[in-house]
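Notes for the one structure printed next.
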Amino acid sequence: MMKSGGGSIAFCASAVAQHGIPNHEAIAAAKAGVMGLMLSSAATYAPKNIRVNCVAPGLTRTALAQRITSNPAALKASEGMHPLKRVGEPDEVAAALAFLLDPANSFVTGQVLAVDGGLGSLRSQ
């Protein structure tokens, strides 16, 4: 990227890194580290026209989350935590990543884009 005049990097963190949720200590710590890496990298590589950003999804219907999303009680509890009252879909996270990687958004760097149904910024009713 440095030799070609720039580019874009997008990391994937998690909403739990910025929003305290019980029993998520390990993933919260790991994904907070990803956010720190993103911020430092964005500062380091901005002069080389390399943009570095991050998405922070809430619970998303993936194979990794299947233990939760395939259990009706666990799914209902998780949906209740999200202000939009549902979990995310993989294509929604992919669309956010595509936005961050798109050269048309060349003035976006050092940002965390929450794709979390409001989990990190709103109170669920």
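Annotation: amide H-H contacts under 5 Å for Thr60 (H modelled 1.01 Å from N, sequence separation of 5 or more, or interchain): Gly88. In the stretch 18-125, a dipole from Cβ-located charges (positive for Lys and Arg, negative for Asp and Glu) runs towards its positive end, and of Gln18, Val34, Thr60 it is Gln18 whose Cα lies farthest in that direction.
Averaged over its residues, the chain has an accessible area of 60 Å² per residue, based on protein heavy atoms and a 1.4 Å probe. Charge dipole of the chain (Cα centre as origin; +1 on each Lys and Arg Cβ, -1 on each Asp and Glu Cβ, all else neutral): 100 debye, rounded to the nearest 20.
Each part reduced to its alpha carbon centroid, the stretch 37-69 and the stretch 70-113 end up 11 Å apart.
Rolling a 1.4 Å probe over the protein chains gives Ser121 an accessible area of about 100 Å².
Of the solvent-accessible surface of the chain, computed with a 1.4 Å probe over protein heavy atoms with every protein chain present, carbon and sulfur atoms account for 60 percent.
Each stretch of four or more DSSP H residues adds -39500 (n - 2.57); spread over every residue of the chain, this sum gives -11500 deg cm²/dmol at 222 nm. Here's how it looks for Gly110: its modeled amide H is under 5 Å from those of Val52, Asn53, which are all 5 or more places away or on a different chain. Computed from label points 7 Å out along Cα-Cβ, the spacing between Ala104 and Gln125 is 3.4 nm.
Backbone amide hydrogens, once placed in the peptide plane, bring Gly120 within less than 5 Å of nothing, excluding anything fewer than 5 places away on its chain. For the stretch 2-125, the relative contact order comes to 33 percent (Cα pairs under 8 Å, sequence separation of at least 6).
Helices meeting the span-like rule in the chain (full DSSP H runs, Cα extent of at least 18 Å along the helix axis, mean Kyte-Doolittle score of -0.5 or higher): 25-45. What shape does the chain take by its C-alpha gyration tensor, where a ≥ b ≥ c are the square roots of the eigenvalues and a/c under 1.5 counts as rounded, a/b above b/c as prolate, and the rest as oblate? Prolate shape, in that a/c is at least 1.5 and a/b is the bigger ratio.
Working note: Karplus 6.51/-1.76/1.60 with θ = phi - 60° gives the stretch 117-123 the couplings x, x, 3, x, 10, 10, 8 Hz, where Gly and Pro are set to x.
The values are calculated or read from the model by the stated rules, or taken from the named source; none is laboratory data. As the structure is a computational prediction, the values presented were derived from the model and not from experiment. In this analysis, Cβ positions are derived from the backbone assuming ideal geometry, glycine residues included, and neighbour counts consider all displayed protein chains. Areas reflect the complete protein model, heavy atoms only, side chains present, ligands, DNA and RNA absent. Shrake-Rupley method; radii C 1.70, N 1.55, O 1.52, S 1.80 Å.
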